[in-house]
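To start, the structure under review is shown below, and the notes come after it.
The values are calculated or read from the model by the stated rules, or taken from the named source; none is laboratory data. Note that the structure is a prediction, hence the values are computed from the model and not measured. A quick note on method: Cβ atoms are made from the backbone with ideal geometry, for glycine too, and the neighbour counts reach across all protein chains shown. Areas reflect the complete protein model, heavy atoms only, side chains present, ligands, DNA and RNA absent. Shrake-Rupley method; radii C 1.70, N 1.55, O 1.52, S 1.80 Å.
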Protein chains: 2
Amino acid sequence: MIMEPRLYTTSADYVYQELRHQIITKQLKPGQRLPEVNIAVQMGVSRTPVREALRRLASEGLVLIIPNSGARLASPTRREMEDTYAVREQLECISVAIAATRISERNLRRLEDAILEEEKAFEEKNLELYLEINENFHRIIAEASGNRVLADFVENILARTNAYVVFYDPFYDIEDNPSIAQHRAIAQALKEREREKAVDLMREHLKHSFYDLNKPS
Amino acid sequence: MIMEPRLYTTSADYVYQELRHQIITKQLKPGQRLPEVNIAVQMGVSRTPVREALRRLASEGLVLIIPNSGARLASPTRREMEDTYAVREQLECISVAIAATRISERNLRRLEDAILEEEKAFEEKNLELYLEINENFHRIIAEASGNRVLADFVENILARTNAYVVFYDPFYDIEDNPSIAQHRAIAQALKEREREKAVDLMREHLKHSFYDLNKPS
DNA sequence: GAATTTATGATAGCATGCATGTATTCATGT
DNA sequence: ACATGAATACATGCATGCTATCATAAATTC
């Protein structure tokens, strides 16, 4: 499989993206220790950018840093996941509510594009790409709210939840994944400026996503 | 005035706290450039911990980092403040709602203690201390929700808003600052497990705080 | 033999020097 | 006078060596 070429401006950024990649592709396991030197050597950079990437991941809850002791990959409990989704629901519902009143034509088109790409990635069973575009869908809505702070927070919580998806290794039934249909419904509601409807659909969508995570895999 | 001794474990932590201190005490001005070397020399440490502190402040929206160019202190517009408070309202209302159902006796006592300290700091006109304890009040409620992720997010948004207080230089009328009375009312509602009431009071409290920021100073 | 102390190894935290990229200034030409 | 471009100063990004701290294991004492 040909990977999308990773774009990055700095080494720290590269390490950050690479670590996320390794998390998504399960090369790293929950709770695993992440010594700076190991990562530095493996990625051919020095410890400095590694430290920076680890702290960024820590701010997203994906990595746990114990002062003077080291970093390890998070191993979220079911409880932590519930908590995360509770926050995500709050943020995304307000996000979609505001977006419903002020989303631009351009962003509506971006949403539709995202849905198309999403279908493609899903059919190709490219989980990493699918997650990335899924993230994009939600990101576009957050941006469309016009509230920059809200968008930042949504960004953070997306980083958390999409990694959790992998930690909990859900079974995606190719015959029955309602997620994309739900996205389409949300996009439609936004297009029609149906605020309440969009919020309800989003809430339903997130509840379902969370439920999916907890299905036996 | 005798300052509370700052406790810190690492140099990076020291720089972080010291920078926040300088922001709160208006030694730094919105939009001001923050070159790593200057800060490093001034604080008697190397650039490394300074970089770390700056990035942490950036994650709290207090500092803007432009890659390869440098960091500067944020200069939030009124719009950004509105946005921040909108998010804060969401997070704190859900926070207090959950806390109302499960706050412990111990945390109720901590709330009361915070209110007492707060009154003292206000009477002494110690703005920095007052802000710190004010922050504590909200932090305790967030922790009492039992949702760690939520508490993290509240922590982040508290860091933002309390610096904004200084950026916008509000006039605190010593005769008429309803904030502490509002805190007392919220604590009372929590004690009585009056969920809806606590949420309404919190919303009112935040609306008022935001309004205060926008009074002519 | 258990507990406490001591030694040893390993890792994060910090300082510093070098490389790279950016902003400013000044010269040059139109 | 203004625009353009080169040169210079400056700040960040990264690498590397050193130091402080923590965890583990060995040793000594009771």
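In sequence order, the stretch B:105-112 has phi-based couplings of 4, 4, 5, 4, 5, 4, 4, 5 Hz under the Karplus curve 6.51 cos²θ - 1.76 cosθ + 1.60, θ = phi - 60°, and Gly or Pro positions carry x.
Among B:Glu132, B:Glu123, B:Glu60, the largest mean-square fluctuation in a Gaussian network model of chain B (Cα springs under 10 Å) belongs to B:Glu123. Between A:Glu123 and A:Arg47, residue separation times 0.36 nm minus the direct Cα-Cα distance comes to 23.4 nm. With Cα atoms as the point set, the stretch A:91-187 shows a radius of gyration and Dmax of 13.4, 38 Å. Annotation: lysines with alpha-carbon distance below 21 angstrom to B:Lys125 (same-chain offsets under eight excluded): B:Lys26, B:Lys215. Each Lys and Arg adds +1 at its Cβ and each Asp and Glu adds -1 at its Cβ; summed about the Cα centre, the protein assembly as shown shows a dipole of about 880 debye. Over the C-alpha atoms of the protein assembly as shown, the Rg to Rh ratio, Rh being the Kirkwood estimate, stands at 0.96. Remark: accessible area buried at the B-A interface is about 1900 Å², both chains counted, probe radius 1.4 Å. The mean number of Cβ atoms from other chains found within 10 Å of a Cβ in peptide B:194-200 is 0, as a whole number.
First check a/c for the stretch B:122-169, with a ≥ b ≥ c the square roots of the eigenvalues of its C-alpha gyration tensor; if it is under 1.5, answer rounded, and if not, answer prolate when a/b is larger than b/c or oblate otherwise. Because a/c hits 1.5 or more and a/b fails to exceed b/c, the stretch B:122-169 counts as oblate. For the pair A:Arg109 and A:Glu192, label points projected 7 Å from Cα toward Cβ lie 2.3 nm apart.
Could you report the stretch A:4-156's accessible area per residue, 1.4 Å probe, as an integer in Å²?
Details: 7470 Å² over 153 residues.
Value for the stretch A:4-156: 49 Å² per residue.
Built from the Cα atoms of the stretch A:1-74, the convex hull projects on average onto 5.0 nm², one quarter of its surface area. Each other copy holds its own label point for B:Pro67; taking that point as 7 Å from Cα along Cα to Cβ, the gaps run 3.1 nm, nearest first. Computed from label points 7 Å out along Cα-Cβ, the spacing between B:Tyr8 and B:Ile65 is 1.6 nm. How large a share of the accessible area of the stretch A:78-213, in percent, is made up of carbon and sulfur atoms when the probe is 1.4 Å and the other protein chains stay in place? Of all accessible area on the stretch A:78-213, carbon and sulfur atoms account for 46 percent. Here the stretch A:74-122 has an Rg and Dmax of 15.1, 41 Å, counting Cα atoms alone. Computed across the stretch B:25-184, the Kirkwood hydrodynamic radius from all distinct Cα-Cα pairs reaches 17.3 Å. Per-residue ellipticity at 222 nm, computed for the protein assembly as shown from helices alone with -39500 (n - 2.57) per DSSP H run of at least four residues, works out to -23000 deg cm²/dmol.
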